[in-house]
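This report concerns only the one structure given below.
The values are calculated or read from the model by the stated rules, or taken from the named source; none is laboratory data. These numbers come from a predicted model, not from an experiment. So basically every Cβ, Gly included, is an ideal-geometry build from the backbone, and we count neighbours across all protein chains shown. To get the accessible areas, we keep the full protein, side chains included, count just its heavy atoms, and leave off ligands, DNA and RNA. Shrake-Rupley method; radii C 1.70, N 1.55, O 1.52, S 1.80 Å.
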Amino acid sequence: MKSINVFVEIGKKRIFVGAVDWPGWCRSGRDEKKAFQALVDYGPRYAQALHSREIEFQVPTDASDLMVIERHDGNATTDFGAPAIVLDTDREPIDRIEFERFQIILQACWQAFDSAVQRAASRELRKGPRGGGRDVDKILDHVLEADRGYLARLAWKYKREGGKNPVEELSRMRQAILNALEVAVNGDLPEKGPRGGIIWPPPYFIRRVAWHVLDHTWEIEDRIV
């Protein structure tokens with residue numbers, strides 16, 4: 001198979017390996033070998049997440065199918081548990097075809113999350129060893145708040161509407177994300193956000209949002225009793 005381009009983000013406590021051209025497919029480990037293996041292990045689950053949009057994805061057989069094209073030092077966010085570094089390739093202009101492909105992949109990740117939430121609706125989620133772990137409603141709220149924070153990285157203001165249930169709010173949030181991305185890819189973003197925050201290039205934004213929603217999709221799937 002053709003090699004898949006990946007990046008490596010190296011923190012002090014955690015290392016992320018993610019696919020440059022496949023938003024959402026990104027895993028971590030305590031060392032580089034474990035991070036690569038985790039990415040390969042989650043290949044079939046990523047392919048399943050893309051199935052709803054009939055996106056062709058060839059699952060790698062092992063880490064030799066992955067080619068590192070960028071390495072970066074991580075930061076505190078990396079060690080906290082999120083891929084935090086904007087790649088050099090993210091700063092290059094993205095053509096329309098690739099942008100639309102990224103959007104379709106993001107929407108597939110959203111649909112995978114929705115399916116996991118629906119399957120868990122009448123089920124209990126397994127607790128952690130000390131009784132920890134969010135229930136489905138709290139995971140939904142967490143994803144909504146994270147997406148709202150991410151939108152600020154595109155200089156996009158978003159206010160949640162009181163009284164709406166989380167599913168309705170998710171629909172509004174996702175449309176806001178698509179609208180914000182359309183503005184961003186046209187180059188109409190300011191250099192800094194409304195409060196002086198760093199603006200994220202569209203490829204990194206999509207990878208980060210897709211990673212986050214899939215991370216919680218797989219958490220729900222793994223915790224359904």
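Of the GluC sites (Glu not before Pro) found in segment 85-165, those that fall in a DSSP loop while having at most 12 other beta-carbon atoms within 10 Å are 124, 161. Cα-based radius of gyration for segment 28-179, normalised by 2.2 N^0.38 Å, reads 1.18. Would you report the distance distribution of C-alpha pairs in segment 141-216 as whole percents per 5 angstrom bin, up to the bin with the largest distance? Percent of pairs per bin, in order: 3, 16, 28, 25, 17, 8, 2.
Between residue 88 and residue 198, what's the calculated FRET efficiency when r is the beta-carbon distance and R0 is 25 Å? Round to 0.05. Walk me through the numbers before you get to the answer.
Values: r = 16 Å, r/R0 = 0.62.
It comes to 0.95.
What full-extension length gain, to one decimal in nm, is calculated for residue 134 and residue 172 as 0.36 nm per residue of separation minus the Cα-Cα distance? Before the final figure, lay out each step's value.
Details: separation 38, 0.36 × 38 = 13.68 nm, distance 2.29 nm.
That pair, residue 134 and residue 172, stretches by 11.4 nm at full extension.
Fraction of C-alpha pairs exceeding 11 angstrom in segment 15-67: 67 percent, rounded to a whole number. For segment 8-122, what is the percent of antiparallel DSSP beta bridges, rounded to the nearest 5? Once the DSSP bridges in segment 8-122 are tallied, antiparallel ones form about 70 percent.
Pairs exceeding 26 Å between alpha-carbon atoms, taken from 12/33; 12/159; 34/138; 33/138; 12/34; 127/164: 12/159; 34/138; 33/138; 127/164. Taking label positions 7 Å along the Cα-Cβ direction at both residue 145 and residue 34, the computed distance is 2.8 nm, reported to one decimal.
Could you check which residue among 151, 106, 178 shows the biggest mean-square fluctuation in a GNM of the chain with a 10 Å Cα cutoff? It is 178.
Restricting to the chain, what percent of DSSP beta bridges are antiparallel, rounded to 5?
Numbers: 11 of 18 bridges.
Counting DSSP beta bridges with both partners in the chain, the antiparallel share is about 60 percent.
With a cut-off of at most 13 other beta carbons within 10 Å, and DSSP calling the residue loop, which trypsin sites (Lys or Arg not before Pro) in segment 90-159 qualify? Please list them.
123, 126, 127, 130, 157, 159
Taking 0.36 nm per residue of sequence separation and removing the Cα-Cα distance, the residue 182/residue 3 pair yields an extension gain of 61.4 nm. Per residue, the chain exposes 53 Å² of solvent-accessible protein surface, assessed with a 1.4 angstrom probe and all protein chains in place. In this rough spin-label picture, where each label sits 7 Å from Cα along the Cβ direction, the residue 123-residue 221 distance is 1.1 nm. Label separation (residue 68 vs residue 53): 2.9 nm, computed from points 7 Å beyond Cα along the C-beta direction.
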